[in-house]
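What follows is a short report on a single structure.
The values are calculated or read from the model by the stated rules, or taken from the named source; none is laboratory data. Treat the numbers as computed from the prediction; the structure is a model and nothing was measured. All Cβ positions, glycine included, derive from the backbone under ideal geometry; neighbour counts span all protein chains shown.
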Amino acid sequence: MDALDEELRVPPDPAVAAFFDVDNTILRGASIFYFARELYRRDFFTVQDLARMGWMQARFKALGEKMEHVQLIRERALSFVEGHSVAEITSIGEHVYDEVIADKIWPGTHALAQLHLDAGERVWLVTATPIEMADTIAQRLGLSGALGTVAESVDGVYTGRLVGEPLHGPAKADAIRALAEHEGLDLARCYAYSDSSNDIPMLQLVGKPCAINPDARLRAHAKAQGWRIRDYRTGRKAAKVGVPALAGVGAAAGGVVAGAALRRRNH
């Protein structure tokens with residue numbers, strides 16, 4: 001780093017972070033469906049299983065997130081990895097991102113996350129998606145890390161069971177609260193972004209919530225609360241996104257918080 005780069009570098013503020021939901025917030029559709037489709041291609045389950053998940057994915061994209069459908073997709077997909085190694089499933093997740101998900105990232109949301117990074121703030125994904133997939137998305141986008149649903153493994157092999165509950169709804173707020181305590185975050189200065197009314201507990205937890213591509217209930221709630229709303233489904237330019245350039249990033253820690261795996265990238 002030369003002298004000019006050093007002079008322009010934004011000093012980190014370890015008390016500030018931005019938390020992003022994944023499905024329909026960072027990317028179009030449900031990441032677990034794209035993951036499950038690849039597992040089907042590799043003979044992890046039958047065409048009937050995939051058809052059921054495909055129907056749920058179509059409803060998800062048309063009507064927004066329905067908690068019971070999303071949870072069922074995730075539980076099914078996690079059960080199918082029983083007996084497979086963590087290394088194998090992680091590799092599949094990387095393939096799915098590179099071949100499918102990369103083209104489904106919302107440019108507007110990605111630009112928004114980058115604004116936080118450029119301001120020196122940590123950016124975490126918070127999602128019910130399996131941590132292996134969430135971690136891959138975070139790494140590919142250059143984010144700080146991910147909180148996700150954890151599938152139990154013993155000696156590097158999945159048992160087909162979850163560690164705790166899926167990171168969904170109020171569980172996301174619990175995970176963020178635990179992370180904030182662990183990392184010394186000031187939640188009143190933090191940001192959160194989601195498309196789903198199921199994530200209202202997460203959005204209410206921070207001082208700067210924002211609805212991204214919101215479902216009808218979240219849009220109404222956000223308007224009533226005076227929250228920011230961004231809808232990148234309308235073709236609005238990412239350049240229109242405005243985020244105050246507040247400072248903040250520090251080193252992120254590893255470990256397990258509230259049943260979600262914490263993964264780190266050093267900045």
Of everything in the stretch 149-160 that's in contact (Cβ under 8 Å) with a residue 60 or more places away in the chain and either over 19 Å from Thr136 (Cβ atoms) or surrounded by 15 or more Cβ atoms within 10 Å (Cβ to Cβ) (or both), which residue is nearest to the chain's Cα centre (by Cα)?
Thr149
Near pairs, Cβ below 9 angstrom, 6+ apart or cross-chain, from the stretch 89-113 (in a helix (DSSP H, G or I)) to any residue that is of a type in the set (Lys, Arg) and surrounded by 21 or more Cβ atoms within 10 Å (Cβ to Cβ):
Gly108/Arg230; Thr109/Arg230; Leu112/Arg230
Somewhere in the stretch 55-63, is a residue modelled with pLDDT of 65 or more, small (Gly, Ala, Ser) and under 28 Å from Thr90 (Cβ atoms)?
no
Restricting the stretch 122-141 to residues that are assigned to a strand (DSSP E or B) and of a type outside the set (A, V, I, L, M), the one surrounded by the most Cβ atoms within 10 Å (Cβ to Cβ) turns out to be Thr127
Flagged in the stretch 188-199 as aliphatic (A, V, I, L, M) and either in a loop (DSSP other than H, G, I, E, B) or closer than 18 Å to Ile26 by Cβ (or both), in numbering order, are Ala192
Regarding Gln71, is this residue surrounded by fewer than 23 Cβ atoms within 10 Å (Cβ to Cβ), of a type outside the set (Lys, Arg), touching a Pro at 6+ places or on another chain (Cβ under 8 Å) and at pLDDT below 90?
yes
Of everything in the stretch 191-222, what is under 11 Å from Phe20 (Cα atoms) and not small (Gly, Ala, Ser)? Give them in sequence order.
Tyr191, Tyr193, Asp195, Asp199, Met202, Leu203, Pro209, Cys210, Ile212
Picking from Glu152, Glu165, the residue that is among the acidic types (Asp, Glu) and either assigned to a loop (DSSP other than H, G, I, E, B) or in contact with a Pro (Cβ under 7 Å, 6 or more places away or on another chain) (or both) would be Glu165
I'd like the residue in the stretch 29-54 that is under 26 Å from Tyr193 (Cα atoms) and crowded, with 17+ Cβ neighbours inside 10 Å and, out of all such residues, is modelled with the lowest pLDDT.
Met53
Pair list, Cβ < 9 Å and 6+ apart or interchain, from the stretch 201-221 residues that are free of Cβ contacts under 8 Å to residues at least 12 places away in the same chain to residues that are part of a loop (DSSP other than H, G, I, E, B)
Arg219/Asp231; Ala220/Pro214
Determine which member of the set Ala220, Ala211, Ala171 is at pLDDT 95 or above and within 16 Å of the chain's Cα centre (by Cα).
Ala211
Hey, any hits in the stretch 131-140 for a residue that's hydroxyl-bearing (Ser, Thr, Tyr) and either closer than 21 Å to Leu187 by Cβ or over 16 Å from the mean Cα position of the chain (by Cα) (or both)?
no
